[in-house]
Amino acid sequence: MKVLVVEDEFMFAELVQRGLREDGHTVELARSCASARALLFVREVVREYGAILLDVALPDGDGFQILRDLRREHRTTPVLMLTGKRRSADVVRGLDAGADDYLTKPFDLDELKARVRALARRGDPKRADRLALGDVSLDRDKRQACVGGRKTAMTPKEFAMLEYLLLRPDQVVTRFELLENVWDMHFDPGSNVVDVHVARLRRKLNHARLVSIETVRGVGFVLKARSGPET
Amino acid sequence: MARLRRWGGDGLARAMRDSFFAGASRRLESARAGLATRDATEVAQAMHALRSSSAQLGALAIARLCERGEEEADRTAFDDMKHLLDEIDRELVQFNSWLAFALGETG
């Protein structure tokens, strides 16, 4: 999921970004109201985010106003207010302005990650917690992969790539699509980063008897279910 | 800090420490500038930001002092502010030494 983090304090921005990337999200950072507004309202093609983490106290304004403006445009992107303001009046103000959740600093990174996962579920009610094809499955909340009946450790990128492919079984997924959605790159870096990661993922799928990643020459990849062994 | 180390190793703990101290000096500078011009908002914002980041790293003494500073700035009560900022400065030095020890950087 693509997450916009609006946070001016470098330490928090860094911590949140690392945590979310660890969970396989792509993160865009705005360090002021002005840059958040540029990303949310001014761009020629306004990007939609899966969730927004919004600090209240920003150097050039407050996050509540950004939130109100978003909701005024009927944009329902889930918003988690992330703030040092702990008084219940501030919490009420945030929730009344349209926030979906509110987390006060200092926070526990695991709690933040869990709350973002909960936002993702709320933002997409049809989102399945578990994805499966043949004998490969992913538990998206627990971030666990199971291949051929075995729990298999995956890096965040491998997990995100498998998740993307499992959402599109038997469909050709282009290298550029993977770059955009797994790496958040909107240009071709001219490297073989995708192929390298696909090769690693293939190795991890070695234990799968019923699933494979096939290459479509010059185009991309397909996650395919094979028919089971004949008995 | 221990939690950060468990999660991201010494590298992450050091990165967080460095960005904390870079931010802390900016915030203290900003609070002193606000105090000089009797700008309560600037002082309160600086104290607020420093309170959050110090609490995140477990520097509770600094966080408590900043909380007091924020409350006093909100009441435009500047009488004790200079003394308070000096105290935060001293606590920051102590915290830095403690972190260096915790991260095995002292000989």
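Brief remarks on what is shown
- Residue that is nearest to A:Leu95 (Cα to Cα), among those in the range A:23-35 that are among the small types (Gly, Ala, Ser) and crowded, with 18+ Cβ neighbours inside 10 Å: A:Ala30
- When the strands (runs of 3 or more DSSP E) confined to the range A:116-220 are screened for residues that are farther than 23 Å from A:Gly19 by Cβ and not hydrophobic (A, V, I, L, M, F, W, C), those reaching at least 1 such residues are found at A:136-139, A:150-152, A:211-216.
- Top-ranked residue in the range A:67-88 [being among the hydroxyl-bearing types (Ser, Thr, Tyr) and free of Cβ contacts under 8 Å to residues at least 40 places away in the same chain; ranked as farthest from the other protein chains (Cβ to nearest Cβ)]: A:Ser88
- Hits in the range A:79-115 (condition: assigned to a loop (DSSP other than H, G, I, E, B) and of a type in the set (A, V, I, L, M)): A:Ala97, A:Ala99
- Residue check: B:Ala73 meets all listed conditions (1) farther than 19 Å from A:Val16 by Cβ; (2) within 14 Å of chain A (Cβ to nearest Cβ); (3) touching a Leu at 6+ places or on another chain (Cβ under 6 Å) but one, namely (3).
- Pick from the range A:65-78, criterion among the β-branched types (Val, Ile, Thr) and in a loop (DSSP other than H, G, I, E, B), ranking: modelled with the highest pLDDT: A:Thr77
- Leading residue by the ranking (farthest from B:Ala24 (Cα to Cα)) among those in the range B:37-92 that are modelled with pLDDT of 95 or more and among the β-branched types (Val, Ile, Thr): B:Thr37
- Total residues in the range B:21-40 satisfying the condition of being over 14 Å from B:Ile88 (Cα atoms) and in contact (Cβ under 8 Å) with a residue 24 or more places away in the chain: the figure is 4.
- Considering residues of the range A:5-22 that are in a helix (DSSP H, G or I) and of a type in the set (A, V, I, L, M, F, W, C) only, the residue surrounded by the most Cβ atoms within 10 Å (Cβ to Cβ): A:Phe12
- Odd one out for B:Asp10, checked against (1) within 13 Å of another protein chain (Cβ to nearest Cβ); (2) within 18 Å of A:Gln17 (Cα to Cα): (1)
- Some residue of the range A:36-54 being surrounded by fewer than 22 Cβ atoms within 10 Å (Cβ to Cβ), closer than 30 Å to B:Glu67 by Cβ and not charged (D, E, K, R): no
- Qualifying residue in the range B:62-71 (condition: over 16 Å from A:Thr104 (Cα atoms) and acidic (Asp, Glu)): yes
- Selection within the range A:129-156 - in contact with a Phe, Trp or Tyr (Cβ under 8 Å, 6 or more places away or on another chain) and at pLDDT below 90: A:Arg143
- For the range A:89-101, the criterion of a residue being within 14 Å of chain B (Cβ to nearest Cβ) and either closer than 25 Å to A:Glu158 by Cβ or touching a Gly at 6+ places or on another chain (Cβ under 9 Å) (or both) is satisfied by no position.
- Condition check for B:Asp18: surrounded by fewer than 21 Cβ atoms within 10 Å (Cβ to Cβ), within 14 Å of chain A (Cβ to nearest Cβ) and of a type in the set (D, E, K, R): yes
The values are calculated or read from the model by the stated rules, or taken from the named source; none is laboratory data. Values in this document were obtained by computation on a predicted structure and should not be read as measured data. Neighbour counts are summed over all protein chains in view; Cβ atoms, including those assigned to glycine, are modelled from backbone coordinates with ideal geometry.
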